[in-house]
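Shown next, in structure tokens, is the structure this report addresses.
The values are calculated or read from the model by the stated rules, or taken from the named source; none is laboratory data. Keep in mind that this is a model prediction, so the values were computed, not measured. All Cβ positions, even for glycine, are placed from backbone atoms using ideal geometry, and neighbour counts span all protein chains on display. We work out accessible area using only protein heavy atoms, side chains counted, and drop any ligands, DNA or RNA first. Shrake-Rupley method; radii C 1.70, N 1.55, O 1.52, S 1.80 Å.
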Amino acid sequence: MTFLPMTLAPADLNPGLAELLALRFDPLVWLPVLAVTALYFWHYARARRTPEGRANWPVWKTVLFGLGVVLLILSTQSAATNLTVNSMALYMARLMVLAEVVPPLLVLGLPRGIQIDPRRPFGRLLGVLLDPWVALAVWSAVIIFWNVPAGFNASVVTNTAAALLPALYLLSSLMVWSVVLRPLPTVQPAHIGSRGWFGLLAALPMMAVASVWLYSRQVLYTPYVGALCLWDLSPLQNQQISGWIMMVAGLPAMALALVQLMMWLIKLADGEQGGTPPAVGD
């Protein structure tokens, strides 16, 4: 296990956007991403040969998927990843792109009408992974564990944890956004009301962490206590800005959950659905 450098030369503390987005090459990231992207566009090209395929897989879906892939690469393979210990705010911005921007773009990029038999092993596995309670438990565990001082400190100072945390944010958020957007209805029976309640519950852990960062009067994480921070910010300012970044990043998902709940209430008022809202996993 190797350790990240704890300080940078003063000349490196005011990088521009071009410097932050300069790409690096890690084959363990690039090769899987390129393989999945190539598979996606191969299926897209095949689907476009028929009118039904073109209807289920419009061009705008591929644009969203491609944008998600580009943001995934920029968040994990840019020079900004080398400046983690010098800017908690920059670190958190990268994680929030992975958690709140990339996953919905990738999920929305999936074609309509995907048919998966829920009785087959793959369908049963997806049914478990995309169960709202399972997704909520995984997401909450990632958010809470990796933002207590011990977990967050490890993610900053060691290369292994620093690579693991973005992956966990991405994968757990993919589970959450898949529940919210429901791209696989054959293995996701939950209706719009359940998804709305789920979205509100899923937003709570992140909002709680963001509130702690915003209102804490001291730096909570050891690596940042005496760190030289980018752009002449103090460690406490970095922590507070990180709280704002996390809170603002979570607002679109919370707004979508409220919209889903309103749509469910409208249907309820119109008599399309009676009774109390079912459990989140229904």
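At-a-glance table
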{"read-out": "In segment 56-66, the residues that are touching a residue at least 12 places away in the same chain (Cβ under 8 Å), assigned to a helix (DSSP H, G or I) and over 13 Å from residue 105 (Cα atoms)", "value": "56"}
{"read-out": "Flag if residue 3 is over 18 Å from the mean Cα position of the chain (by Cα), open to solvent by 60 Å² or more (accessible area, probe 1.4 Å) and either modelled with pLDDT under 85 or closer than 30 Å to residue 232 by Cβ (or both)", "value": "yes"}
{"read-out": "Among residues of segment 52-89, those that are surrounded by 22 or more Cβ atoms within 10 Å (Cβ to Cβ), of a type in the set (A, V, I, L, M) and within 16 Å of the chain's Cα centre (by Cα), counted", "value": "1"}
{"read-out": "Some residue of segment 215-235 being at pLDDT below 85 and of a type in the set (S, T, N, Q)", "value": "yes"}
{"read-out": "Conditions (1) modelled with pLDDT of 90 or more; (2) closer than 18 Å to residue 167 by Cβ; (3) open to solvent by less than 80 Å² (accessible area, probe 1.4 Å); number of the one not met by residue 44", "value": "(2)"}
{"read-out": "Single unsatisfied condition, residue 126 versus (1) open to solvent by 20 Å² or more (accessible area, probe 1.4 Å); (2) farther than 9 Å from residue 187 by Cβ; (3) assigned to a helix (DSSP H, G or I)", "value": "(2)"}
